[in-house]
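*Asks:* Here it is, the structure in full.
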Amino acid sequence: MSQENRTERRLRIADPLRDPTRLDARHRDVRGWVLLVSSIVFPGSVQSLFRARRSRLSLGITLGSWALLLLVLGLVLVRRQFAFSLATNPYLLGLVLAVGAAAALNWVVCLLDTVRRVRVHTLSPRARSRFLGAVLAAVLVVTGGTVYGGVMVNSQRGLMSELFASGGAAKPVDGRYNILLLGSDAGKGRTGIRPDSITLASIDARTGAAVMVGLPRNMQNVPFAEGSPLAAEYPQGYDCGDECLLNAVYQLGEQHADAFPDAETAGVQAMKDAVTGVTGLEAQYYAMIDLQGFEDLIDAMGGITVVSEKRVPISSRVDPATGKHGPVKGWIEPGEQKLDGYHALWFARSREFSSDYERMVRQRCVQDAMLAQLNPQTVLLRFQDIAKAAPEVVSTDIPQVQVDDFVDLALKTRDAGTTSVDLTPPEVEPSHPDFAEVRELVGATVAESKEKAEAGPEAQAPLPEPAAGPGPAGGAGGASTPARSAVLAPGAVLASSPAVTAAGGTADSAGGGDSAGAEEEAAICSVP
């Protein structure tokens, strides 16, 4: 007999924990439960006790996993943004996936080895059935949780890679990040993209104080930023008549795609140049929400709930010969309604018997309902469907490496507040705007927002109280307050995420119209 075997035999004789045959029934049961709990809580500990081969590897994986978890928790406590980086960086998510898979595999192997070493046949009949039930439950919980968590992490990696752009991060311009938010309605039967909702979100990089600049889609004679390929073509602005509106600039860019460095986003670049020329704020990034894609995303969420104050028609197709809709196919009735994707899309898009203003308010209600009702429970239960649908709804050039910065900035915006300025009558006449005055108005609003943020929360204006009132008689071709888009956060999401937050909040409108606007909008629709 070899020296190793003799040593092992002596240990079994001297240590009843290794050899349960020398124990009575009660102590054998206790021994089994102690080994099982030790293996569940600290995989590799039982193997180390038995001096099994590769026990050091198992114990090393466990110690390394616990150390890494504690390190991550410490970093999150010290620096909140690390949590956002972990949730939005595909490489870190890949590391989490690998570590989780290794730890779970090690756990299962150690547990099964522990069951072998317990010698289940030595347990009492009553303890044996309970022991095997506990083992089965532990395996199902850990393996099921690991698989589900791995699927979610992998879905988040795919979402981040597919939704956000590659490349480096941009620095703030004059201390601000400026993101162009576009709401597109490129449904069936519509040629090309003409953004129905145009908003520039200008966010202070230090405080998070945001200014939402709403631009009417029918603004005429818009100038282009200096250096834009279209500035040379239209030195006096886009001034070819009432067909040359701001929302037509997207297609103008597509028609001059060869003049832009990246032909694939020529329309977006043209919109950025136009909005920069109008506001005097350099549009660095964009995020565009396609209302057509909302249908799948809302179905993935399980529907949304809105309160409609008016009947909204579900129209038939337009007759090409007459240019009019056919008979109404159905109605979305007034009151609180739970809408699936099809009906939510119609609620947002329906044009018949309503003004452009009403339609844009309904779009905002749909967007706000999505953000308000995309709660953690919904995300956890429907994450894969949401992650699959999100890239079809949102397109953006925000780079992956900057998503965590913007998520952190969005949280600051909630505290710092949002100020709105709408370039609409009576301050701005969309058909004959004075762009020098427009830029002065925007600049003054930005300065006011910065001053309030630096003065502290006590300087923030209280939220306006929405009051019921008569709805507007009609809109002037979309010249009223545009619906503000929202960037779908990663994961979050999404992540929840996901993204930036919806406009609104503690806003003082530079035109003095927030309180009146809230009353008018509440008379059209709201979110419960």
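*Asks:* Please list, in chain and number order, the residues 5+ apart from Ile314 or on another chain whose amide H is under 5 Å from its amide H, with Hs placed from the backbone.
*Replies:* Placed amide hydrogens put Lys329, Gly330, Trp331, Ile332 under 5 Å from Ile314.
*Asks:* Counting only protein chains, not ligands or nucleic acids, how are Asp19, Asp262 ordered by accessible area (probe 1.4 Å), most first?
*Replies:* Descending accessible area places them as Asp262, Asp19.
*Asks:* Figure the gain on full extension for Arg311 and Ala101 (residue separation times 0.36 nm, minus the Cα-Cα span) and round it to one decimal in nm.
*Replies:* 70.3 nm
*Asks:* What FRET efficiency, computed as 1/(1 + (r/R0)^6) with R0 = 30 Å and r the Cβ-Cβ distance, is obtained for Val41 and Asp385, rounded to the nearest 0.05?
*Replies:* It comes out at approximately 0.30.
*Asks:* Any chance you could look up the accessible area of Glu254 with a 1.4 Å probe, heavy atoms only, rounded to 10 Å²?
*Replies:* 80 Å²
*Asks:* Roughly how many Å² of Asp434 are accessible to a 1.4 Å probe, to the nearest 10?
*Replies:* Its accessible surface works out to 80 Å², give or take rounding.
*Asks:* I've got another one for you. Would you mind computing the Rg to Rh ratio of region 121-230 from its alpha-carbon coordinates, Kirkwood style for Rh?
*Replies:* My calculation puts Rg/Rh at 1.35.
*Asks:* Also, I was wondering about something else. May I ask you to derive the relative contact order of region 136-230, considering only C-alpha pairs under 8 Å and at least 6 residues apart, and to give it as an integer percent?
*Replies:* It comes to 17 percent, rounded to a whole number.
*Asks:* Using a probe of 1.4 angstrom, how much of the accessible area of region 133-234 is carbon and sulfur, in percent?
*Replies:* Summing carbon and sulfur atoms, their accessible area is 56 percent of the total for region 133-234.
*Asks:* Need one value: the accessible area of Glu282 in square angstrom, 1.4 angstrom probe, rounded to the nearest 10.
*Replies:* Glu282 exposes around 100 Å² with every protein chain in place.
*Asks:* Looking at the calculated P(r) for region 246-368, what percent of the C-alpha pair distances fall above 20 Å?
*Replies:* Cα-Cα pairs of region 246-368 separated by over 20 Å account for 57 percent.
*Asks:* What accessible area per residue comes out for region 214-296, rounded to a whole number of Å², with a 1.4 Å probe?
*Replies:* 39 Å²
*Asks:* What three numbers, in Å, describe the spread of the alpha carbons of region 388-462 along their principal axes, ordered from the longest?
*Replies:* 43, 37, 22
*Asks:* How big is the Cα convex hull of region 153-302 in projection, averaged over all directions, in nm²?
*Replies:* Approximately 11.0 nm², given one-decimal rounding.
The values are calculated or read from the model by the stated rules, or taken from the named source; none is laboratory data. As the structure is a computational prediction, the values presented were derived from the model and not from experiment. A quick note on method: Cβ atoms are made from the backbone with ideal geometry, for glycine too, and the neighbour counts reach across all protein chains shown. Protein only, heavy atoms only, side chains kept; ligands, DNA and RNA dropped before computing areas. Shrake-Rupley method; radii C 1.70, N 1.55, O 1.52, S 1.80 Å.
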